[in-house]
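**Q** Let me begin by handing over the structure; questions about it come next.
The values are calculated or read from the model by the stated rules, or taken from the named source; none is laboratory data. All of these numbers come straight from a predicted model, not from anything done at the bench. Backbone-built Cβ (ideal geometry, glycine too); neighbour counts: all protein chains shown. Remember, those area values only see protein heavy atoms, side chains included, never the ligands or the DNA or RNA. Shrake-Rupley method; radii C 1.70, N 1.55, O 1.52, S 1.80 Å.
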Amino acid sequence: MIQTAMEVDSGWECVNNILADEQDKWMESIVNVKNSVIGNNKHKNLAVQQGIIPRLLQWMIDDGIPIELRTEAAIVLGSLAKGSEEELQTLVNAGSVNVLLMGITNNNIKFVEACLRCLKTLFLMNDPPVHLIYENKTVIPHMINIISKSLCTQECITTLFSRCCNTKEHQEKLCMNGALATLAPLLTSTIYKVQMPTLKSIAVLCYQNEDVAKATATATYNGESIPSLLVKLLARDKTSEMQMAAARCLTYLCRGGALQPSSNVIMFKALPTVIRMCKKDRTLEENVEGAETLAYLIEEDPELQGIAAISDHIIKTLAEYLRYTDVQQINSRTTYKKDINWSNELKQAAFRAFASLGANDEDIRKKIIETENLMDHIISGMNSEDIKVKAAAVRCLHSLSRSVQQLRTTFQDHVVWKPLMNMIQNGPEDLLVITSSTLCNLLLEFSPGREVNTPRKAILDTGAIGILVTLTGRNESELRLNGIWGLMNMAFQSELKVKSQIIEAIGTEQLFKLLSDPDPNILMKTLGLIRNLLSGKPHIDSIMSVYGTQIMQAVVFILEGDHSSDIKEQTLCILTNVADGDDSKNI
C-alpha cells in the first residue's frame, strides 16, 4: 500500500501535538500515532526521528498523567521496539528499560502488561541490556510476584527470564527468589506461548550449573517432579519445537549431574528425541539444535555415545549436513529477520556431534572417518571465516586424532596440520587449548626415522618447537600441559638433531620450572620428555655429555621431593635410560 503525502503529514501533526503542551489533544493524537506506526516501519522511523520517545517516557513516569495515556504511551513504545535494530537501540539508549521496569510496579494491570510487552520485545534483540534487570534488587522478586496475574504477565516474564539469565550469578539470583517454584506450574499451562518461554527459562537456569540442576530435578508441582513434567512434553503429539525444548532441559539436567545418563528418562526419552530432530523431515533450525544438543548430551558418556552411534543412521544423517549449501532468511527467535548461513550452521553442528560421538570408541571414529570426504570438510572448516565452524572443525579433528590407527593411515594422507598450525599461530586465543591439544596428538608417530617427508617433519619445519616451548611458559595450566606434552611426543624416537633443538629451545631453567610446577600432570609430562630425550644409546651419551649434570640434578630434585609413587617411578625410568648409555652410566 502506497502512503500518501496527506497520511504522512497527518502523522507528523499527531506527533507534533504530542510534543506540544495542549493536553486535550494528547489522547487522540497518541491513538492516531499508535494506529499509524503499527506494522509500518516507515512511520516508526519518522516518529522516532521527530523525537517522540523522550515525550512518551516522560509521560510514563509522571503520576499526574492519566493512566490511560501512560498505557497508550507504553503501547506505542512497544510498537516502535518492533522497528529496525537502530530504532530499538535508540529506545534502549533513551533509558526506556528503566522506565518500563518502573512501570511494572504500577497497580494498573493494563499499564503493567503494556510495559511488559514492550520489555519482552526489547529483550528479544540480539544483545539485550541484561544488566539493567539486575541493577535494582527489587525487579526479579517483583516479576515473580506478579507473574501469575494474567496470561500476558506469564508469557512476558518467562520470556524475560529466558533472555536475561546468562551467568551463574544470574541463575543463582533467579533461584534464590523462587523462580523454580514459579516456573514449575507453568509447564502444565495449556497456553503454548507460556509453555515455550517457560521451557527456555528452565534450560538457561540449569545450563552448566550443578546446584540449580539438582534443585530443578527435585522441585515438584502437584506431586510431580519437573523431569516428569518435561517427559510429558516430549510426547509425539507436541510440536517439534516443544519436544526439542523439553529434551534440551533434560540434557542440561543430565550434564548438571541431576539425572543419570543411564536413566530411562535420558536413554529412552531425551536421546531418541534429539536424534529424531536431526532427520531430514525436520526444519533446518531443528536439525541444527538437534545435533548441537546431541553433542552436548553424549559428550562425556561413552555408553550414550555408543547407543547414539547405532541409532537411526545418525552418522550418515550428520554427513548430509556437510553437503548442504544455502543461505536463507528466517524469522529467528528474536523479533528481527536475519540472514542465516545454513550451510555453516549445519556444518558446525555436524562437526560438534561427530566430535562427541568419536570421543572414546575406536570403531565409532572409524565409521565417522569413513564418511565421504570428511577430512576435506574438516580442512575446509578450519579455514572457514565463520568462527563457529572453525572451532567445531578443530574439535572434531581433536576427537578423531585420538585414534592411533587413523594417525597412521588417514591423517598421513591429508594436510590437516597446515590449517591447524595457522590457527595456533593466528587464530583466536580461546581456541588455543583445543588446537594445541590436537597438535600434541598429530605429533604422535610410531615408525623410526619419521623425520623424512612426514607430517611431523612438516610441522617441525613450521616452528612447532618454538610454539610448544612458548606454551610451557603460559600462566594457564592447560596450555603449559599441552606445550610440554607436545614436546614429549615430538621427542619420542626422534633424531638426535630434533632432540637437541628441543633441549636448546626449552633450556634448563625452564625445564626446572616445569619440574616445580604445582600441576602433577605437567611434572609427569616433563619427566616423560626427559625420558624420551634419553632413549637410544648414542643419543643418551651425546645428550648426557652436554647436559648430564643438570639432568642428574633434576633427578635428585624429584626423588628427594614429596611426590607420588607414579612420579618417582617415572624418574627412576630416566635413571634406567641413563644407565643404558655406554659413557653416561659412569656419571
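**Q** How many residues are in contact (Cβ under 8 Å) with a residue 40 or more places away in the chain, surrounded by fewer than 18 Cβ atoms within 10 Å (Cβ to Cβ) and among the aliphatic types (A, V, I, L, M) if we restrict to the range 216-246?
**A** 1
**Q** Let me ask something else about it. Restricting to the range 163-180, name every residue that is open to solvent by 20 Å² or more (accessible area, probe 1.4 Å), on the phi < 0 side of the Ramachandran plot and not in a helix (DSSP H, G or I).
**A** Once the filter is applied, which keeps residues that are open to solvent by 20 Å² or more (accessible area, probe 1.4 Å), on the phi < 0 side of the Ramachandran plot and not in a helix (DSSP H, G or I), the range 163-180 yields 166, 167, 177.
**Q** Here is a check on your reading of the model: is residue 350 in a loop (DSSP other than H, G, I, E, B) and open to solvent by less than 40 Å² (accessible area, probe 1.4 Å)? I'd like the intermediate steps shown before the answer.
**A** Numbers: in a loop (DSSP other than H, G, I, E, B): no; open to solvent by less than 40 Å² (accessible area, probe 1.4 Å): yes.
No.
**Q** Now, a different point. On the given criteria, is residue 167 among the polar types (S, T, N, Q) and more than 15 Å from residue 206 (Cα to Cα)? I'd like the intermediate steps shown before the answer.
**A** Values: among the polar types (S, T, N, Q): yes; more than 15 Å from residue 206 (Cα to Cα): no.
In short, no.
**Q** Let me ask you something else. Give me the residue from the range 425-444 that is open to solvent by less than 20 Å² (accessible area, probe 1.4 Å) and within 15 Å of residue 382 (Cα to Cα) and, out of that set, farthest from the chain's Cα centre (by Cα). I'd like the intermediate steps shown before the answer.
**A** Residues of the range 425-444 open to solvent by less than 20 Å² (accessible area, probe 1.4 Å): 431-432, 435-436, 438-440, 442-443.
Next, from what is left, pick out any that are within 15 Å of residue 382 (Cα to Cα): 431-432, 435-436, 438-439.
Numbers: 431: 12, 432: 16, 435: 17, 436: 19, 438: 19, 439: 22 Å.
Ranking the qualifying residues of the range 425-444, first place goes to 439.
**Q** So residue 266 clears everything in (1) open to solvent by less than 20 Å² (accessible area, probe 1.4 Å); (2) within 19 Å of residue 231 (Cβ to Cβ); (3) under 21 Å from the mean Cα position of the chain (by Cα) except one condition, right? Which one?
**A** Among (1) open to solvent by less than 20 Å² (accessible area, probe 1.4 Å); (2) within 19 Å of residue 231 (Cβ to Cβ); (3) under 21 Å from the mean Cα position of the chain (by Cα), the lone unmet condition for residue 266 is (3).
**Q** In the range 23-36, which residues are open to solvent by 60 Å² or more (accessible area, probe 1.4 Å), at pLDDT 75 or above and either over 14 Å from residue 74 (Cα atoms) or touching a helix residue (DSSP H, G or I) at 6+ places or on another chain (Cβ under 9 Å) (or both)?
**A** 23, 25, 27, 28, 32
**Q** Moving to a separate point now. When you check residue 96 against the structure, is it more than 17 Å from residue 26 (Cα to Cα) and either modelled with pLDDT of 95 or more or open to solvent by less than 10 Å² (accessible area, probe 1.4 Å) (or both), yes or no?
**A** Numbers: more than 17 Å from residue 26 (Cα to Cα): yes; either modelled with pLDDT of 95 or more or open to solvent by less than 10 Å² (accessible area, probe 1.4 Å) (or both): yes.
Considered against the rule, which asks whether it is more than 17 Å from residue 26 (Cα to Cα) and either modelled with pLDDT of 95 or more or open to solvent by less than 10 Å² (accessible area, probe 1.4 Å) (or both), residue 96 comes out as yes.
**Q** Of these, 117, 55, 70, which one is over 25 Å from residue 193 (Cα atoms), modelled with pLDDT of 95 or more and of a type outside the set (Ser, Thr, Tyr)?
**A** Details: 117 fails: over 25 Å from residue 193 (Cα atoms); 55 fails: modelled with pLDDT of 95 or more.
After applying the criteria, what remains is 70.
**Q** Out of everything in the range 359-393 that is farther than 17 Å from residue 309 by Cα and among the hydroxyl-bearing types (Ser, Thr, Tyr), what residue ends up being surrounded by the most Cβ atoms within 10 Å (Cβ to Cβ)?
**A** Applying the filter and picking the extreme gives 384.
**Q** Any residue in the range 172-197 that's without any contact (Cβ under 8 Å) to a residue 60 or more places away in the chain: show its pairings with residues that are open to solvent by 70 Å² or more (accessible area, probe 1.4 Å) at Cβ separation under 6 Å, as long as the two are six or more apart or on different chains.
**A** Going by the 6 Å Cβ cut-off, the qualifying pairs are 184/221; 185/221; 191/151.
**Q** Cβ-Cβ under 7 Å, sequence separation 6+ or interchain: first residue in the range 411-431 and on the phi < 0 side of the Ramachandran plot, partner open to solvent by 40 Å² or more (accessible area, probe 1.4 Å). Which pairs?
**A** These pairs meet every condition: 419/383; 421/462; 428/387.
**Q** Kindly indicate whether any position in the range 394-411 is open to solvent by 10 Å² or more (accessible area, probe 1.4 Å) and hydroxyl-bearing (Ser, Thr, Tyr).
**A** Looking for residues that are open to solvent by 10 Å² or more (accessible area, probe 1.4 Å) and hydroxyl-bearing (Ser, Thr, Tyr), one finds at least one in the range 394-411, hence yes.
**Q** Right, here's the next one. Restrict the check to the range 60-82 and report whether at least one residue is without any contact (Cβ under 8 Å) to a residue 40 or more places away in the chain, surrounded by 21 or more Cβ atoms within 10 Å (Cβ to Cβ), farther than 19 Å from residue 125 by Cβ and of a type in the set (Val, Ile, Thr). Can you show your working first?
**A** Initial filter on the range 60-82 (without any contact (Cβ under 8 Å) to a residue 40 or more places away in the chain): 62-66.
Remaining after also requiring surrounded by 21 or more Cβ atoms within 10 Å (Cβ to Cβ): none.
No, the range 60-82 has no match at all.
To keep it simple, each residue is scored yes or no on (1) of a type in the set (Val, Ile, Thr); (2) under 20 Å from residue 492 (Cα atoms); (3) touching a Lys or Arg at 6+ places or on another chain (Cβ under 7 Å).
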residue: 529; (1), (2), (3): no, yes, no
residue: 539; (1), (2), (3): no, yes, yes
residue: 543; (1), (2), (3): yes, yes, yes
residue: 548; (1), (2), (3): no, yes, no
residue: 557; (1), (2), (3): no, no, no
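**Q** Consider residue 153 carefully, then state whether it is surrounded by 14 or more Cβ atoms within 10 Å (Cβ to Cβ) and either without any contact (Cβ under 8 Å) to a residue 24 or more places away in the chain or over 25 Å from residue 253 (Cα atoms) (or both). Spell out the reasoning first.
**A** Details: surrounded by 14 or more Cβ atoms within 10 Å (Cβ to Cβ): yes; either without any contact (Cβ under 8 Å) to a residue 24 or more places away in the chain or over 25 Å from residue 253 (Cα atoms) (or both): yes.
So residue 153 fits the description; yes.
**Q** Something else: Inspect the range 181-195 for any residue being among the β-branched types (Val, Ile, Thr), open to solvent by less than 20 Å² (accessible area, probe 1.4 Å) and under 27 Å from residue 270 (Cβ atoms) and give the result as yes or no.
**A** Our first condition is that a residue be among the β-branched types (Val, Ile, Thr); within the range 181-195, this holds for 182, 188, 190-191, 194.
Subset that is open to solvent by less than 20 Å² (accessible area, probe 1.4 Å): 194.
Still in the running and under 27 Å from residue 270 (Cβ atoms): 194.
Yes, because at least one residue in the range 181-195 is among the β-branched types (Val, Ile, Thr), open to solvent by less than 20 Å² (accessible area, probe 1.4 Å) and under 27 Å from residue 270 (Cβ atoms).
**Q** For the structure I just gave you, tell me whether residue 271 is open to solvent by less than 40 Å² (accessible area, probe 1.4 Å) and more than 21 Å from residue 354 (Cα to Cα).
**A** Numbers: open to solvent by less than 40 Å² (accessible area, probe 1.4 Å): yes; more than 21 Å from residue 354 (Cα to Cα): no.
No, not satisfied.
**Q** With respect to residue 39, is the statement that it is open to solvent by 20 Å² or more (accessible area, probe 1.4 Å), free of Cβ contacts under 8 Å to residues at least 60 places away in the same chain and either part of a helix (DSSP H, G or I) or not aliphatic (A, V, I, L, M) (or both) true? Give the steps one after another, and end with the answer.
**A** Values: open to solvent by 20 Å² or more (accessible area, probe 1.4 Å): yes; free of Cβ contacts under 8 Å to residues at least 60 places away in the same chain: yes; either part of a helix (DSSP H, G or I) or not aliphatic (A, V, I, L, M) (or both): yes.
Taking the combined requirement at face value, the residue satisfies it.
**Q** One residue is enough: does the range 181-194 have a residue meeting the conditions under 22 Å from the mean Cα position of the chain (by Cα), modelled with pLDDT of 95 or more and in a helix (DSSP H, G or I)? Break it down into steps so the answer makes sense when it comes.
**A** Let us first name the residues in the range 181-194 that are under 22 Å from the mean Cα position of the chain (by Cα), namely none.
So far as the range 181-194 goes, no, none of its residues is under 22 Å from the mean Cα position of the chain (by Cα), modelled with pLDDT of 95 or more and in a helix (DSSP H, G or I).
**Q** Only one of these is among the aliphatic types (A, V, I, L, M) and either open to solvent by 10 Å² or more (accessible area, probe 1.4 Å) or more than 25 Å from residue 195 (Cα to Cα) (or both): 291, 308. Name it.
**A** Details: 291 fails: either open to solvent by 10 Å² or more (accessible area, probe 1.4 Å) or more than 25 Å from residue 195 (Cα to Cα) (or both).
On inspection, the qualifying residue turns out to be 308.
**Q** Among the candidates 481, 487, 534, single out the residue that is at pLDDT 95 or above, open to solvent by less than 20 Å² (accessible area, probe 1.4 Å) and not charged (D, E, K, R).
**A** On the way: 481 fails: open to solvent by less than 20 Å² (accessible area, probe 1.4 Å); 534 fails: at pLDDT 95 or above.
Sole residue among the options that is at pLDDT 95 or above, open to solvent by less than 20 Å² (accessible area, probe 1.4 Å) and not charged (D, E, K, R): 487.
**Q** State yes or no: is residue 136 of a type in the set (S, T, N, Q), farther than 21 Å from residue 195 by Cα and open to solvent by 10 Å² or more (accessible area, probe 1.4 Å)? Even if it seems obvious, please write down each step before you answer.
**A** Working: of a type in the set (S, T, N, Q): yes; farther than 21 Å from residue 195 by Cα: yes; open to solvent by 10 Å² or more (accessible area, probe 1.4 Å): yes.
For residue 136, the condition - of a type in the set (S, T, N, Q), farther than 21 Å from residue 195 by Cα and open to solvent by 10 Å² or more (accessible area, probe 1.4 Å) - is met.
**Q** Can you name every residue in the range 567-581 that is open to solvent by 60 Å² or more (accessible area, probe 1.4 Å) and either among the β-branched types (Val, Ile, Thr) or out of contact with any helix residue (DSSP H, G or I) (no Cβ under 7 Å at 6 or more places or on another chain) (or both)?
**A** Passing the criteria: 569, 572, 576.
Every residue, every condition in (1) in contact with a Leu (Cβ under 6 Å, 6 or more places away or on another chain); (2) not in a helix (DSSP H, G or I), yes or no:
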{"site": "55", "(1), (2)": "yes, no"}
{"site": "65", "(1), (2)": "no, yes"}
{"site": "106", "(1), (2)": "no, yes"}
{"site": "111", "(1), (2)": "no, no"}
{"site": "118", "(1), (2)": "yes, no"}
{"site": "132", "(1), (2)": "no, no"}
{"site": "161", "(1), (2)": "no, no"}
